[in-house]
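Inspection log for the structure reproduced underneath, given as structure tokens.
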Amino acid sequence: MIIPAGWEAVIGLEVHCQLSTQSKIFSGSAIAYGAAPNSQASPIDLGMPGMLPVLNVDAVKKAVTFGLSVSAKIADRSVFARKHYFYPDLPKGYQISQYELPIVYEGHLDIEMEDGTTKRIGITRAHLEEDAGKSVHEGFQKSSGIDLNRAGTPLIEIVSEPDLRTAQEAVAYLKKLHQLVVYLGICDGNMQEGSFRCDANVSVRKIGAPKFGTRTETKNVNSFRYVEKAIEYEIERQIEVIEAGGSIRQETRLFNPDTGETKAMRSKEDANDYRYFPDPDLLPVVCTQDYIDAIRKSLPELPEPKRARFVAEFGLSDYDAKTLTSSRELAAYYEAVVTASGAEAKLCANWVATDLLGALNKMSKGIEESPITAVAFAALLKRIADKTINGKIAKDVFEAMVAGEGSADEIIQAKGLVQVTDESAIIAAIDDVIAKNPQQLADYRGGKDKLYGFFVGQAMKATQGKANPDALNRLLKERLAG
Amino acid sequence: MHTLTIAQLAAGLREKKFSSRELTQHYLKRIDAFDGALNSFVTITAERALAQADAADARLAAGDAGILTGIPLGQKDIFCTQGVRTASGSKMLDSFIAPYDATIVEKLDAAGMVMLGKLNMDEFAMGSSNETSFYGPVCNPWDKTRVPGGSSGGSVACVAAGLAPVATATDTGGSIRQPAALTNLTGIKPTYGRVSRYGMIAFASSLDQAGVVARSAEDAAHVLQAMSGFDPKDSTSVERPVDDLLSGLGQSIKGLTIGLPKEYFADGMSAGVRERIEQAIATLTQLGANFKEISLPNSPLSVPTYYVVAPAEASSNLARFDGVRYGHRAEGAKSLEELYKRSRGEGFGAEVQRRIMIGTYVLSHGYYDAYYLQAQKVRRLIYDDFKRAFADGIDLVLSPTATDVAFKFGENSDDPVAMYLNDIYTIAANLAGIPAMSLPCGFVDGLPTGFQLMGNFFAEARMLNVAHQYQQATDFHQQWPTEYAS
């Protein structure tokens, strides 16, 4: 979509990111996804009388980890507040969140623009809060079910500055954020299960207008593609409304993935008065400098520094480095392959980025589900490096490994794929090919250089592909020259 | 047996003068005989009590008993008890049975105490007369036409009438001390955070604190000792060892400096109460205490501050009672909104609804700064007043507990502000978080009255020491309402 000339969109995202702690933020209940309804809901999660919240310090640690990774400030004292509204999946009648004093504030994330430049997106704040439960409307006659397994799951809500100007920028920011939280190991990033959810605030204005236009908030757009579509729809809709002489209402809208449209859910006028006030059941969260420094020391290498290191240390192209650092697991896999194989880093990069990822893609699997471990994969590359097999044969061995036929060495042994380096055997094969193709030989010698490829192919075929390619080339050239 | 102190009961159990079962049966009989008129119990747990008594007798026989083992008590119905209904004086929770015990219930069970039943109280502890209870008013054993005070009306009535040797209670703005004063008992509200709030149904979380009503400071000390301590399940409980509340009771109070805040001795209390308090001051002076007039200049702001902070927190704490998961649910609601409105409208009484509305108002957008935030600032000033006094060498502060003796039923119930002024002397301690207690200091026209001691943070032992010394020199606390003595 191209934004009409003279118009500009202003976009800010609110991202809810479930923290991958063992237990809930204020109770000891587990937070595993997909458990039987209400099997992970304790009296505390049910909001029963007299029950009190006790803060899970791991959630605090993960929030601080996030804050440090986006160069944000960490509040030495942050405060939990109660946000009140009535809904059946909100057991206490309030959500414990942070309001005036969030734990993380004033950070930023750099995104890459299409033209190769980077743009800095401000992160206003990230605060800790508990998730609500779920209302289940199917399968109950004339009533709804409430599943409180999710109630109390720790979240950080990451609020961006209104620095984004297009749907594509918004998606780039969201992807970057997603990669980051998964990298940090603070969120499983599963968007389908709702571990990483996004609300989009969108407004439009004439370029140069001093003030932002009235914004709408589109709720729960839960895939990168939907975010893009929902924002584009909103931009188009708002411009149309204004150009037709109308005005935008401040309201909450819901995206419908089936139609690609957003629809008004509630306007500002019927919005809740949340009556925030500090939660008297919880003490302020105090983060000392020592505590923050200890977390800073334990931060993993982040995607960007890792990428730069891969370029410098392994001599990879920026493209390959980006691919191989796209997830922490993939990068670790690649590094393990390089170390274990002793093969050239670039060769390893080609094999991991192209062959392995291609195969995994076909199986719709992630690197962590790879049927070939890094060590097993390294054994294959070792055989290429030590010239036991050539690259072409290696592809067959790889296929067999994917199919679960055994280790690289087992397959090479079983199929008799060891590379032929015995020069007399190669010469015999070449001579046989030349003898059988006198016309092609004459044409080649007459100047048809292109036929060289024909002879390579025939000779390779005669050795069942096992000839050492370097030796074959050298010897073939000699024989063809006569 | 019911006139014995805890120490005497414990000795009797060890000397096999009576068993815990016999003691328990004695109290159950008295409850049966007297409580129909008093209405101090909402639930009597005779079977559970006898089972606990038998277990206590076994511990006593095995030599594995503490001072409280085998001693009966009443539990205020604000503390959740696993398997026994906990209603907090409300229709909302008339059918609520918690699947857990409050920490203090667990602790007193572990000490071997025998729970006779659950005690009546103002609905969600909101009241100063026990007239807001869904289970009906509680009568004052000293005069059944008068209120016992509130919100711990059941707790004081049952102990004053000898239906239990001791009872738990809670205090958000005076709910232990005011009823103790009105029924000739000793009641102590410890420092905020000293006793766990886990399993105690919240009224105003930053003010609520559990404590004890007993027939003497020594009895109160025994039970408070067992209730106190850090609880990892309550983030506001304080991680600090519990002082020995008993070993210092016999200490002389010579040289102790007690502050008399002039603001508390201005107009407000009745002439009879003033005369009794002055007599108490004279007695303490004879015991060697020095008195000094002090000023707590912000104390006149206590009541308005409290009636912003407490309803604000209450409106939030009571939001969970929505008829969805437990508690009262309106029948035949046609929409979610109707379900909420009717369940809450039917389940909560008038006083609770009034406080929810006040609380909702003061937290509303546009009013928050003027009310809630302002109240928090004043609360800080009230705290600073006490801090300054204690820093200036004041060991304890003495004041009236209540403005007058127990009033008649209905006397204040049409005027919420008059009712709220019942807590005028007691609220500041809750706002400041400091410990405070009330103890008997005589009678006005045959009705008991008491005075209040307030101490610095964690000064419970010192306060109880002064109270005990006073009780060694006086016998007001040993007086019984005639009907219940024998």
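Side notes on the structure shown:
- Whichever lysines have a C-alpha closer than 18 Å to that of B:K334, once near sequence neighbours (fewer than 8 apart) are set aside: A:K142
- Distance between segment B:347-416 and segment A:281-349 - C-alpha centres, whole angstrom: 56
- Which of A:T21, A:S195, A:Y87, positive extreme of dipole for segment A:7-293 (C-beta unit charges): A:Y87
- The phi torsions of segment B:262-269, fed into the Karplus equation with coefficients 6.51, -1.76 and 1.60 and a -60° offset, translate into couplings of 4, 4, 7, 10, 6, 4, x, 8 Hz, rounded to whole numbers, with Gly and Pro shown as x.
- Helix-only arithmetic for the protein assembly as shown: the sum of -39500 (n - 2.57) across DSSP H runs with n ≥ 4, divided by the residue total, places the mean residue ellipticity at 222 nm at -11500 deg cm²/dmol.
- Packing-based order for B:302-311, A:297-306, B:324-333, using average beta carbon neighbours within 10 Å, highest first: B:302-311, B:324-333, A:297-306
- Contact order for segment A:327-482, expressed relative to its length and based on alpha carbon pairs under 8 Å spaced 6+ residues apart, stands at 20 percent.
- Those trypsin sites (Lys or Arg not before Pro) in segment A:379-482 that DSSP places in a loop and that have at most 13 other beta carbons within 10 Å: A:K448, A:K450
- Sites A:K392 and A:A308 - FRET efficiency at Förster radius 56 Å, r taken between beta-carbons, to 0.05: 0.95
- Evaluated on chain A, the Kirkwood hydrodynamic radius is 26.7 Å, with distances taken between all distinct Cα atoms.
- Chain B: antiparallel DSSP beta bridges as a percent of all, rounded to 5: 70
- Integer Hz, Karplus 6.51/-1.76/1.60 couplings in order for segment A:55-66, x for Gly and Pro: 5, 7, 5, 5, 5, 4, 4, 5, 5, 5, 3, 4
- A simple charge model with +1 on the Cβ of Lys and Arg, -1 on the Cβ of Asp and Glu and nothing else charged puts the dipole of segment A:311-399 at about 220 debye relative to its Cα centre.
- Net charge dipole size for the protein assembly as shown [Lys, Arg +1 and Asp, Glu -1 on Cβ; Debye, nearest 20]: 860
- Amide H contacts of A:Q98 (H built 1.01 Å from N, in plane; Pro and chain starts excluded): A:A81, A:L128 sit under 5 Å, all sequence-distant by 5 or more or on other chains.
- Per residue value of the accessible surface for chain B (all protein chains in place, 1.4 Å probe), Å²: 33
- For the chain pair B and A, the buried solvent-accessible surface (1.4 Å probe, both sides summed) amounts to about 2800 Å².
- Summary of the geometry: segment A:419-440 and segment A:37-107, compared by the centres of their Cα atoms, lie 74 Å apart.
- Accessible-area composition of the protein assembly as shown, carbon plus sulfur, in percent [1.4 Å probe]: 52
- Amide H to amide H, with H built 1.01 Å from N, B:M113 comes under 5 Å of B:G70, counting only residues 5 or more places away or on other chains.
- Residues in segment B:80-100 occluded by at least 10 Å² - accessible area, probe radius 1.4 Å, against chain by itself: B:F96, B:P99, B:Y100
- Counting only protein heavy atoms and a 1.4 Å probe, segment A:311-399 has 48 square angstrom of accessible area per residue.
- Too-long pairs where the Cα-Cα distance tops 27 Å, listed order kept, from A:K322/A:K415; B:K233/B:K341; B:K16/B:K189; A:K61/A:K362; A:K175/A:K219: A:K322/A:K415; B:K233/B:K341; B:K16/B:K189; A:K61/A:K362
- Restricting the trypsin sites (Lys or Arg not before Pro) of segment A:249-280 to loop positions (DSSP other than H, G, I, E, B) with no more than 13 neighbouring Cβ atoms within 10 Å leaves A:R249.
- For segment A:7-293, convex hull of alpha carbons as volume per residue, Å³: 153
- Per residue, segment A:59-144 exposes 44 Å² of solvent-accessible protein surface, assessed with a 1.4 angstrom probe and all protein chains in place.
- Overall, the ratio between the Cα radius of gyration of chain B and 2.2 N^0.38 Å, rounded to two decimals, is 0.92.
- Model label points for B:T3 and B:K144, set 7 angstrom from Cα along the Cα-to-Cβ axis, are 2.2 nm apart.
- Of the residues B:Y27, A:I412, B:L50, the one whose Cα sits farthest towards the positive end of the charge dipole of the protein assembly as shown is A:I412 (charges of +1 on Lys and Arg Cβ, -1 on Asp and Glu Cβ, taken about the Cα centre).
- The loop-placed trypsin sites (Lys or Arg not before Pro) in segment B:2-101, going by DSSP, that have at most 12 neighbouring Cβ atoms within 10 Å of their Cβ come out as B:K16.
The values are calculated or read from the model by the stated rules, or taken from the named source; none is laboratory data. Note that the structure is a prediction, hence the values are computed from the model and not measured. With ideal geometry, Cβ positions are generated from the backbone for all residues, glycine too; neighbour counts draw on all protein chains shown. Accessible surface is based on the protein model in full, side chains and every heavy atom, while ligands, DNA and RNA are left aside. Shrake-Rupley method; radii C 1.70, N 1.55, O 1.52, S 1.80 Å.
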